[in-house]
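The values are calculated or read from the model by the stated rules, or taken from the named source; none is laboratory data. Note that the structure is predicted; figures quoted are calculated from it, not measured. Quick reminder, even Gly has a Cβ in these numbers, built from the backbone with ideal geometry, and neighbours come from all protein chains shown. Areas reflect the complete protein model, heavy atoms only, side chains present, ligands, DNA and RNA absent. Shrake-Rupley method; radii C 1.70, N 1.55, O 1.52, S 1.80 Å.
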Amino acid sequence: MFNSDFYPAPKEVIHQMISRFDLNGKVVLEPSSGKGDIIDALKEHVANVLCCEINEDLAKISASKAKLIANDFLTVTRDKVSHIDCIVMNPPFSADEQHIIHAWEIAPNGCEIVALCNWQTIDNPYSKTRKELVSLISNYGYSENIGDLFSDAERRTGIDIGLIRLTKPGTSDDFSDFFSDEDDDPERQENG
């Protein structure tokens, strides 16, 4: 159905992804939303959901459930998501490391990222992007092999799935970039 990378996450997997979050009132991005299964779960937890979906037919379905901010997630820039609290993603496994790294690059300070991937992406870091992803995980989060949880899914994968959790350092109200460490100019502190 739709394309070779379309593997909707089963409800049990989605629950495992989001169960530790208090999503009430949070702004969450779902960058590869498919037909919106993750969107549905996020909305059940009263999250405000933004989404991206590259497939035109699936994008129509997702846009009926959440605010579609782009079709191709890899074109989304930091300014479009500077206000989000969390990214929950089931990216296409053919480019999962690229999608997760892009999520990291555009995520604001304090943002939490939870992503599914092919476990081999983490377990066999033979490429530059895979090595970069493994380094991100090592420095800013963790990963676990959650097994072949798609064995009873709408579309079966027959592969072990990795669950990645990353937290971008800082807080969303961190204004450190707006202030200088330089001392004020003493001449300008005089009265009128």
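Quick notes
- When Ile146, Ile161, Ile100 are screened for being open to solvent by less than 90 Å² (accessible area, probe 1.4 Å) and at pLDDT 95 or above, only Ile100 passes.
- Residues located in the stretch 28-46, provided they are more than 20 Å from Ile101 (Cα to Cα) and either open to solvent by 10 Å² or more (accessible area, probe 1.4 Å) or basic (Lys, Arg) (or both): Lys35, Asp37, Asp40, Ala41, Lys43, Glu44, His45, Val46
- Residues (under 12 Å from Met89 (Cβ atoms) and in contact with a Ser or Thr (Cβ under 7 Å, 6 or more places away or on another chain)) located in the stretch 35-55: Ile39, Cys51, Cys52, Glu53
- Total residues in the stretch 111-132 satisfying the condition of being under 15 Å from Pro169 (Cα atoms) and open to solvent by 30 Å² or more (accessible area, probe 1.4 Å): the figure is 1.
- Glu56 loosely packed, with under 15 Cβ neighbours inside 10 Å and more than 20 Å from Ile164 (Cβ to Cβ): yes
- Cβ-Cβ contacts under 6 Å between residues 6 or more apart (or on different chains), taken from a first residue in the stretch 10-26 that is assigned to a helix (DSSP H, G or I) to a second residue that is open to solvent by 10 Å² or more (accessible area, probe 1.4 Å), are listed as Val13/Leu149; Ile14/Ala41.
- Pick from the stretch 72-83, criterion outside any helix (DSSP H, G or I) and open to solvent by 40 Å² or more (accessible area, probe 1.4 Å), ranking: nearest to Glu53 (Cα to Cα): Asp72
- Restricting the stretch 84-97 to residues that are outside any helix (DSSP H, G or I) and of a type outside the set (A, V, I, L, M), the residue that is surrounded by the fewest Cβ atoms within 10 Å (Cβ to Cβ): Pro92
- Ile69 in contact with a helix residue (DSSP H, G or I) (Cβ under 8 Å, 6 or more places away or on another chain), at negative phi and outside any helix (DSSP H, G or I): yes
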